[in-house]
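Asks: Sending over a structure as structure tokens; questions will come in a sec.
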Amino acid sequence: MSGGGLFRDAIADLVPYEPGKPVEEVQRELGLDRVVKLASNEGPFPPFPAALGAIERAGRELNRYPDGGVYALRAALAELHGVRFEEVVVGAGADGVIDLLSQATLDPGDEIVCGWPSFASYVIDAAKLGAVSRTVPLRDHVYDLDGLLAAIGPRTKLVYVCHPNNPTGTANERAELLGFLDAVPGHVLVVLDQAYFEYIDDPEYADGIEEAFKAGRRVVVLRTFSKIYGLAGLRVGYGVGPADVVAATSKVRRAFDVTSTAQAAALASLGDDAEIARRRALNAEGRAALEESLGRHGLEPVGPAVGNFLFAEVGDGRAVFEELLRRGVIVRPLGAFGAPEAIRVTVGTADEIAFFDAALGHVLTRFTSTRR
């Protein structure tokens, strides 16, 4: 049987999300002894010791389904942030919460608004449902909040603000962001994506939960355990938002979509402020070293970047990605994010950044020589 007539029109032209290549796949395909992955904005450190212990204990009960309501983790997050239990939704990563919000709100022909280039899932999840994405070009590599307001129409349901923006790493300042939230029409739900929140120590960076949601603004604030907590492989993130929005997401979520090990590890990770501060400081040092490496090779990363990655225009992002891959470094080409001329490089350890630096030098030298 052919696919004609079977598949929904909404997905006909949809390009699936392209994840970063796994290290093992690159080693196998290219016969390399060492491969460094700086592609997916993962933290370079493993889970906290308490999380590893929780994973081991949870493993003894994997013959049982997980808690479908994620009660313990939701309760802990509600206490941590000083919000009600009913105002917390947990999903399979922050990306999973984006999917839940899309399913709960978007009918065919409805609209979402976001900056561009930005996180591709906003657009992909809308397209799956037959909704329309209104993408607003960045202004000086930062979200153009006035442009977002101008793009809102009567069928707009969701407006995303990626803060800091993935892939550029830039963030709007507090006054601009809060003023924007106050100006958004009442029929629109703003999704403030703060997946990299724990990395940031900029005093002008707003805490969306404390300063927006708890101040009475109608917004869902996203966070994740995939980055600084080192739990990317378990897929667990959350949102804090209005109780009616959280209730609506419960109607569209898959049963048992957050695994037992993910719930246990995330719960055990909470409260270790000293380790969070240590990793934040090491990330700042690594980001400065990565910025210096790119500059030394004639590239100018976009800034000020506040997360755990840098964005740099290289002319042909896919070509540079492929050449770096041959030398054992995985970075992220950004065609799917709306920036085919650029790459995104995640902050790694000092040794990983040095390995990247050497590979980049070889690649750019080769590109220069072939263009003469």
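Asks: Please build a GNM for the chain, connecting alpha carbons under 10 Å apart, and tell me which residue among Arg64, Arg280, Arg139 fluctuates the most.
Replies: Arg64
Asks: Still on this structure, I have one more. Using Cα-Cα distances under 8 Å and only pairs 6 or more residues apart, what relative contact order does the chain have, in percent?
Replies: Computed over the chain, the figure is 24 percent.
Asks: Another one. Based on C-alpha coordinates, I'd like the Rg and Dmax of segment 254-304, in Å.
Replies: Just the Cα atoms of segment 254-304 yield Rg and Dmax of 17.8, 50 Å.
Asks: A further question follows. Under a 1.4 Å probe, what is the accessible area of segment 226-277 per residue, stated in Å²?
Replies: I get 39 Å² per residue for segment 226-277.
Asks: How much accessible area per residue does segment 42-92 have, counting only protein heavy atoms and a probe of 1.4 Å, in square angstrom?
Replies: 57
Asks: Report the charge-dipole magnitude of segment 81-138 in Debye, nearest 20, computed about the Cα centre from +1 at each Lys and Arg Cβ and -1 at each Asp and Glu Cβ.
Replies: That gives segment 81-138 a dipole magnitude of about 140 debye.
Asks: Lysine pairs in the chain with alpha-carbon atoms under 26 Å apart, 8 or more places apart or on different chains: how many are there?
Replies: So the count works out to 10.
Asks: Looking only at Phe225, Phe45, Phe337, which one moves most when the chain is put into a Gaussian network model with springs between Cα atoms under 10 Å?
Replies: It is Phe45.
Asks: Can I ask one more? Express in nm, to one decimal, how much length is gained between Lys128 and Arg155 on full extension, taking 0.36 nm for each residue of separation and deducting their alpha carbon distance.
Replies: 8.0 nm
Asks: If you don't mind, another one. Quick one: work out the % antiparallel among DSSP beta bridges in the chain, nearest 5.
Replies: Of those bridges, close to 45 percent are antiparallel.
Asks: Assuming R0 = 41 Å, what is the FRET efficiency of Glu25 and Leu282, from their Cβ-Cβ distance, to the nearest 0.05?
Replies: Efficiency computed from Cβ-Cβ geometry: 0.90.
Asks: Report in % the part of the accessible area of segment 1-73 that belongs to carbon and sulfur, leaving out ligands and nucleic acids; probe 1.4 Å.
Replies: 56
Asks: If you don't mind, there's one more thing I want to ask. Rounded to the nearest angstrom and ordered from largest down, what semi-axes does the equivalent ellipsoid of segment 1-112 get from its C-alpha gyration tensor (root of 5λ)?
Replies: Each semi-axis is the square root of five times an eigenvalue, giving 31, 29, 16 Å.
Asks: Return the carbon/sulfur percentage of the accessible area of segment 190-349, one whole number, probe 1.4 Å, all protein chains in place.
Replies: 50
Asks: If a/c stays under 1.5 just call it rounded; otherwise compare a/b with b/c (prolate if a/b is bigger, oblate if not). Do that for the chain, with a ≥ b ≥ c from the square roots of the Cα gyration tensor eigenvalues.
Replies: rounded
Asks: Specify whether the C-alpha gyration tensor of segment 194-259 places it in the rounded, prolate or oblate class, a ≥ b ≥ c being the square roots of the eigenvalues: rounded for a/c under 1.5, otherwise prolate if a/b is larger than b/c and oblate if not.
Replies: oblate
Asks: Show that you can apply the helix-only estimate: for the chain, add -39,500 (n - 2.57) for every DSSP H stretch of four or more residues, divide by all residues, and state [θ] at 222 nm to the nearest 500.
Replies: That comes out to -12000 deg cm²/dmol.
Asks: Here is a follow-up. Normalised by the number of residues in segment 135-185, what is the relative contact order in percent for Cα pairs under 8 Å and 6+ residues apart?
Replies: 38
Asks: Name the residue from Ala247, Val236, Gly186 whose Cα lies farthest towards the positive end of the charge dipole of segment 139-255, charges +1 on Cβ of Lys and Arg and -1 on Cβ of Asp and Glu.
Replies: Checked the options; the winner is Ala247.
Asks: Which parts of segment 301-336 would a label at Thr365 reach, counting a residue when its backbone N lies under 20 Å from a point 7 Å out along Cα-to-Cβ?
Replies: So the set is 320-330.
Asks: Can I ask one more? Hey, can you find the accessible area per residue of segment 288-372 for me, probe 1.4 Å, expressed in square angstrom?
Replies: Accessible area per residue: 42 Å².
Asks: Shifting gears a bit: Once the piece of chain linking Gln103 and Asp182 is laid out straight, how much longer is it, given 0.36 nm per residue of separation minus the C-alpha distance between them?
Replies: Working it through step by step, the gained length comes to 25.9 nm.
Asks: Taking only C-alpha pairs under 8 Å that are 6+ residues apart, what is the relative contact order of segment 234-330 in percent?
Replies: 17
Asks: What ratio of Cα Rg to 2.2 N^0.38 Å holds for segment 209-326?
Replies: The value comes to 1.40.
Asks: Only Lys, Arg, Asp and Glu count, each charged at its Cβ (+1, +1, -1, -1), so figure out the dipole size of segment 187-315 about its Cα centre, rounded to 20 debye.
Replies: Its charge dipole is roughly 680 debye.
The values are calculated or read from the model by the stated rules, or taken from the named source; none is laboratory data. For clarity, every value in this text was computed on a predicted model and none was experimentally measured. FYI the Cβ positions are ideal-geometry reconstructions off the backbone, even for glycines, and counts take in every protein chain you see. Quick note on the areas: whole protein, heavy atoms, side chains included, nothing else; ligands and nucleic acids left out. Shrake-Rupley method; radii C 1.70, N 1.55, O 1.52, S 1.80 Å.
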